Amino acid sequence: MPHEKTYIMLKPDAVKRRLIGEIVSRIEKKGYHITQAKLMTLDKTVIAEHYAHLVDKPFYPKLEAFMTSGPVFGMVVEGENAIAGMRQMMGPTNVFEASPGTIRGDYATNVTENVIHGSDSAENATIEIKRFFG
């Protein structure tokens, strides 16, 4: 399995609910390494760039309002098969399909406020790491 880097972001709901430590602990217990991390407040320009594939969707204004409602915690996570492994740990975007034991299954409350984002491919991981960490 390849050693990979991926971008993981704990969304405003996770930060507000003080879940950072618990989720970071789960990531580290799985054997992944967090090599960069920072708390940041995103503006509408960055949100539009990050969610460019969703800007034309009817739910986008609600997503934008949520993502600018408070700080997020961004991380570069590294390890064997980190992209697929983290996505498996996260669970599906639709929290109502997320199994108990996944991060979303255990902590997310609705589809918009779903606690966590993770890159879905090596290409997007590279783009997102550069976007948020330079």
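The values are calculated or read from the model by the stated rules, or taken from the named source; none is laboratory data. As the structure is a computational prediction, the values presented were derived from the model and not from experiment. Ideal geometry is used to build each Cβ from the backbone, glycine not excepted, and the neighbour counts take in all protein chains shown.
Among 79, 91, which is the only one that is more than 17 Å from residue 131 (Cα to Cα), in contact with a Ser or Thr (Cβ under 6 Å, 6 or more places away or on another chain) and not hydrophobic (A, V, I, L, M, F, W, C)?
None of the others qualify; the one that does is 91.
The criterion of being surrounded by 12 or more Cβ atoms within 10 Å (Cβ to Cβ) and either more than 20 Å from residue 132 (Cβ to Cβ) or in contact with a Phe, Trp or Tyr (Cβ under 7 Å, 6 or more places away or on another chain) (or both) holds for residue 7. If the condition is being free of Cβ contacts under 8 Å to residues at least 40 places away in the same chain, surrounded by 14 or more Cβ atoms within 10 Å (Cβ to Cβ) and either assigned to a helix (DSSP H, G or I) or in contact with a His (Cβ under 6 Å, 6 or more places away or on another chain) (or both), then the range 23-47 contributes only 47. Looking across the range 86-106, just one residue is polar (S, T, N, Q), over 11 Å from the mean Cα position of the chain (by Cα) and modelled with pLDDT under 95, and that is 94.
Checking the range 94-116 against the condition returns no match, with no residue being of a type outside the set (Val, Ile, Thr), touching a strand residue (DSSP E or B) at 6+ places or on another chain (Cβ under 8 Å), surrounded by fewer than 15 Cβ atoms within 10 Å (Cβ to Cβ) and free of Cβ contacts under 8 Å to residues at least 24 places away in the same chain. Just checking, how many residues over the range 71-80 are under 13 Å from the mean Cα position of the chain (by Cα), over 20 Å from residue 60 (Cβ atoms) and either free of Cβ contacts under 8 Å to residues at least 40 places away in the same chain or surrounded by 20 or more Cβ atoms within 10 Å (Cβ to Cβ) (or both)? Count: 5. Name the single residue, out of those in the range 48-68 being more than 13 Å from the chain's Cα centre (by Cα) and outside any helix (DSSP H, G or I), that is nearest to residue 110 (Cα to Cα). Out of the qualifying residues, it is 59. Screening residue 83 with (1) modelled with pLDDT under 95; (2) surrounded by 15 or more Cβ atoms within 10 Å (Cβ to Cβ) gives one miss only, at (1). Please pick out the residue among 9, 1 that is at pLDDT below 95, hydrophobic (A, V, I, L, M, F, W, C) and under 17 Å from residue 120 (Cα atoms). The match here is 1.
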